[in-house]
Amino acid sequence: MAKINLLPWREERRKQRNKEAQTLLVAAALVGVMLVAAAWLQVGKLIEGQDARNDLLRTEIRIADEKMKEIESLERTRQTLLRRKEVIEQLQSDRSVMVHLFDELVRRTPEGVRLTSIKQTGQQLTLQGLAESNARVSEFMRALDQSRWLGNADLSIVEARGEDRRQRYQFTLAINLKKPSEGAEGAPAGEATP
């Protein structure tokens, strides 16, 4: 005889499938939670590693900044020393110029001209003095222009002052200092150039 199953098999199969689905859902949820936890831990480790690298970089940057400040300070000191060195070299090269300047002024000043003031500004001299006549001032200017150490005489003022015939004209003239090249023509024998 044939067996007939009168139990609701479809309902049991549905319950079985629901149970399997719930089991799979719980297992998937557990796996998901474990994956999220593992990802969380991994991200935490990566963040800690990056923070450690950032701290190291900050420390190195701080050290580099201190070294840069020290280098800038040394550079400023170097520039100051170079400026001082240039001034000293300039003074060294110009130390005999004043001797030559006064020597030239004495040699080039004609009779009837007397200097009352000499002022130097850079490479320019301002000479003030008294002369017997305008011709004496012109002669003085020509003599200065022929000098190896002085040149480009520029007369600013000539005024007739007072009644003293010997020192009647007061003048002001500007003249440039020159540095003659060594072995220049017209150099007096035995005269050293700076």
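A short reminder: the numbers here are calculations on the coordinates, not readings from a lab. This structure is a prediction, so every number in the text was calculated from the model and none was measured. Here Cβ is always computed from backbone atoms with ideal geometry, including for glycine, and neighbour counts include all displayed protein chains.
For this structure, a couple of remarks:
- Extension gain, residue 17-residue 145: 0.36 nm per intervening residue step, less the Cα-Cα distance, totals 33.9 nm.
- Using a Förster distance of 30 Å, the FRET efficiency for residue 52-residue 74 (Cβ separation, nearest 0.05): 0.35
- Where only DSSP H runs of four or more residues are counted, the chain gives -21000 deg cm²/dmol as its mean residue ellipticity at 222 nm, each run worth -39500 (n - 2.57).
- Grouping the Cα pair distances of region 97-177 into 5 Å bins from zero gives a pair-distance distribution of 3, 16, 30, 27, 14, 7, 2, 0 percent in increasing distance order.
- More than 19 angstrom apart: percent of Cα pairs within region 8-67: 64 percent
- Full extension of the segment from residue 96 to residue 31, taken as 0.36 nm per residue of separation minus the current Cα-Cα distance, would add 13.8 nm.
- For the chain, taking the reciprocal of the average inverse distance between every pair of different Cα atoms yields a Kirkwood hydrodynamic radius of 26.4 Å.
- Counted by Cβ distance under 13 Å from residue 87, the other residues give a net charge of +1, where Lys and Arg count +1 and Asp and Glu count -1.
- The residues packed around residue 22, meaning those with a beta-carbon under 14 Å from its beta-carbon, carry a net charge of +3 if Lys and Arg are +1 and Asp and Glu are -1.
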